[in-house]
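Engineer: Got a structure for you, questions after.
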Amino acid sequence: MDLFDKLKELRQNGLDEIKKASDEKKLNEVRVELVGKKSELTNILHSMKEVAPEQRREVGQKVNEIRDLFNSHLNAAKDEILAKVIAKKMEEERIDVTLPGRKGHLGSKHPINIILDDLENFFIGMGYKVVQGPEVETDHYVFEMMNLPKDHPARDMQATFYIDDENLLRSQTSGDQARVLEKHDFSKGPLKMVGPGKVYRRDDDDATHSHQFMQMEGLVIDKNITMSDLKGTLELIAKHVFGQDREIRLRPSYFPFTEPSVEMDVSCFKCNGKGCAICKYTGWIEVLGAGMVHPNVLENAGVDSNVYGGFAFGLGLDRFAILKYGVTDIRDFYTNDVRFLEQFRKEED
């Protein structure tokens with residue numbers, strides 16, 4: 001077989017191989033075999049010195065002609081294969097525009113945010129302003145301004161995350177009260193504020209405790225503020241959150257920043273005060289702490305305690321949500337389980 005017959009055979013066999021390639025991978029293998037660096041055509045070009053001088057030009061032209069033909073057919077085959085792949089994908093992913101639309105999943109407001117927004121609106125309606133303070137606070141504002149100097153034994157009640165000797169993750173939102181109190185101009189009217197936000201304490205997480213939770217503290221300062229004002233405010237809070245038929249009682253307690261200090265109980269909304277497992281058969285449930293602002297707190301902020309007085313209260317939004325919605329595990333608030341959160345969709349209406 002002379003060289004021209006061999007080229008004719010290579011041409012026909014190559015075209016047949018291109019036609020047989022069924023996918024892009026196989027086609028690439030055929031491309032390497034026909035026009036690659038180790039292909040038969042390339043070998044013929046490298047051995048041109050063995051061809052008779054009078055035939056070299058014709059052989060070279062024939063090889064280049066076959067190479068161009070192979071490339072043309074290879075490219076056309078590749079386009080055809082890609083077109084089939086796209087057509088198949090389009091068919092598999094075809095959308096029937098006549099089908100009814102799928103209803104999207106709508107999120108719901110978190111139960112703690114429901115309580116928070118409700119209480120903020122409640123207090124704004126009573127003339128309070130809402131204050132947001134920093135979560136990384138100073139020892140000065142969280143403790144010392146609140147009548148808890150560094151050697152005060154009441155600091156043992158707070159298991160605090162300290163960043164350094166002066167800065168900490170706030171264990172209570174009292175720092176917001178201290179900051180506002182020292183700047184308030186009483187010539188323009190009384191001070192009425194609430195400060196909601198996250199607080200942090202060293203605590204083991206379980207069904208009833210968390211190292212991070214939401215708190216809201218309130219403060220009212222003016223002339224002639226009495227314990228009766230505090231009791232009336234607390235009663236309004238209890239009835240607003242837990243129902244108009246709720247009763248309250250105040251028990252003596254101790255907080256460094258208030259004197260006298262009280263804890264407030266509400267009548268059990270499960271048994272209406274008759275006694276059940278939720279209220280430990282007492283008929284009452286503890287919900288918050290409060291008291292008349294300690295004179296030292298006023299003086300620390302530059303407020304004359306002989307002229308001005310007031311009351312303060314602090315409530316846990318997590319605890320309010322637990323009691324209001326009957327949640328048995330505080331960790332449910334932080335696990336982002338959609339099934340749990342969807343229960344509170346109706347509370348947004």
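The values are calculated or read from the model by the stated rules, or taken from the named source; none is laboratory data. Keep in mind it's a predicted model, so treat the numbers as computed, not measured. Neighbour counts run over all protein chains shown; Cβ positions are idealised from the backbone, glycine included.
Engineer: Name every residue in the stretch 210-232 that is in a loop (DSSP other than H, G, I, E, B) and over 22 Å from Leu181 (Cβ atoms), in order of residue number.
Structural biologist: Ser210, His211 - these are the residues of the stretch 210-232 that are in a loop (DSSP other than H, G, I, E, B) and over 22 Å from Leu181 (Cβ atoms).
Engineer: Listed residues Leu341, Leu323, Leu315, Leu298; which is at pLDDT below 95 and closer than 20 Å to Asp176 by Cα?
Structural biologist: Result of the check over Leu341, Leu323, Leu315, Leu298: Leu315.
Engineer: Taking the stretch 89-116, which residues are surrounded by 11 or more Cβ atoms within 10 Å (Cβ to Cβ) and modelled with pLDDT under 85?
Structural biologist: Across the stretch 89-116, the qualifying residues are Ser108, Lys109.
Engineer: While we're here: The conditions are (1) among the hydrophobic types (A, V, I, L, M, F, W, C); (2) surrounded by fewer than 19 Cβ atoms within 10 Å (Cβ to Cβ); (3) not in a loop (DSSP other than H, G, I, E, B), and Cys276 fails exactly one of them. Which is it?
Structural biologist: So the condition that Cys276 fails would be (3).
Engineer: Residue by residue through the stretch 291-323, note down the ones that are assigned to a strand (DSSP E or B) and either touching a Ser or Thr at 6+ places or on another chain (Cβ under 7 Å) or farther than 25 Å from Met216 by Cβ (or both).
Structural biologist: Across the stretch 291-323, the qualifying residues are Gly291, Met292, Val293, Ala312.
Engineer: Please count how many residues of the stretch 284-315 are surrounded by 19 or more Cβ atoms within 10 Å (Cβ to Cβ) and within 30 Å of Phe344 (Cβ to Cβ).
Structural biologist: 9
Engineer: Let me ask another. Read through the list (1) in contact with a strand residue (DSSP E or B) (Cβ under 8 Å, 6 or more places away or on another chain); (2) modelled with pLDDT under 90; (3) of a type in the set (Gly, Ala, Ser), then give the number of the only condition that Ala277 fails.
Structural biologist: Unmet for Ala277, out of (1) in contact with a strand residue (DSSP E or B) (Cβ under 8 Å, 6 or more places away or on another chain); (2) modelled with pLDDT under 90; (3) of a type in the set (Gly, Ala, Ser): (1).
Engineer: Could you say whether any residue in the stretch 99-110 is among the charged types (D, E, K, R), more than 28 Å from Lys324 (Cβ to Cβ) and not assigned by TED's automatic domain parsing to the domain that holds Arg201?
Structural biologist: The answer is yes, given that some residue of the stretch 99-110 is among the charged types (D, E, K, R), more than 28 Å from Lys324 (Cβ to Cβ) and not assigned by TED's automatic domain parsing to the domain that holds Arg201.
Engineer: Scan (1) under 30 Å from Lys192 (Cα atoms); (2) assigned to a helix (DSSP H, G or I) for the single condition Gly127 breaks and write down its number.
Structural biologist: (2)
Engineer: Of the conditions (1) under 28 Å from Glu17 (Cα atoms); (2) of a type in the set (Val, Ile, Thr); (3) outside any helix (DSSP H, G or I), Val85 satisfies every one except a single condition; which number is it?
Structural biologist: (3)
Engineer: Could you say whether any residue in the stretch 242-261 is part of a helix (DSSP H, G or I) and either assigned by TED's automatic domain parsing to the domain that holds Asp304 or touching a Phe, Trp or Tyr at 6+ places or on another chain (Cβ under 8 Å) (or both)?
Structural biologist: Yes, because at least one residue in the stretch 242-261 is part of a helix (DSSP H, G or I) and either assigned by TED's automatic domain parsing to the domain that holds Asp304 or touching a Phe, Trp or Tyr at 6+ places or on another chain (Cβ under 8 Å) (or both).
Engineer: I would also like to ask the following. For the stretch 20-59, which positions are in a loop (DSSP other than H, G, I, E, B), at pLDDT 85 or above and farther than 19 Å from Ser72 by Cβ?
Structural biologist: Correct list: Asp23 only.
Engineer: Identify all residues within the stretch 48-67 that are among the charged types (D, E, K, R) and closer than 19 Å to Arg11 by Cα; write none if there are none.
Structural biologist: If the condition is that a residue be among the charged types (D, E, K, R) and closer than 19 Å to Arg11 by Cα, then Arg56, Arg57, Glu58, Lys62, Glu65, Arg67 are the ones that fit.
Engineer: Are any of the residues in the stretch 70-88 touching a strand residue (DSSP E or B) at 6+ places or on another chain (Cβ under 6 Å) and surrounded by fewer than 12 Cβ atoms within 10 Å (Cβ to Cβ)?
Structural biologist: There is no residue in the stretch 70-88 that is touching a strand residue (DSSP E or B) at 6+ places or on another chain (Cβ under 6 Å) and surrounded by fewer than 12 Cβ atoms within 10 Å (Cβ to Cβ).
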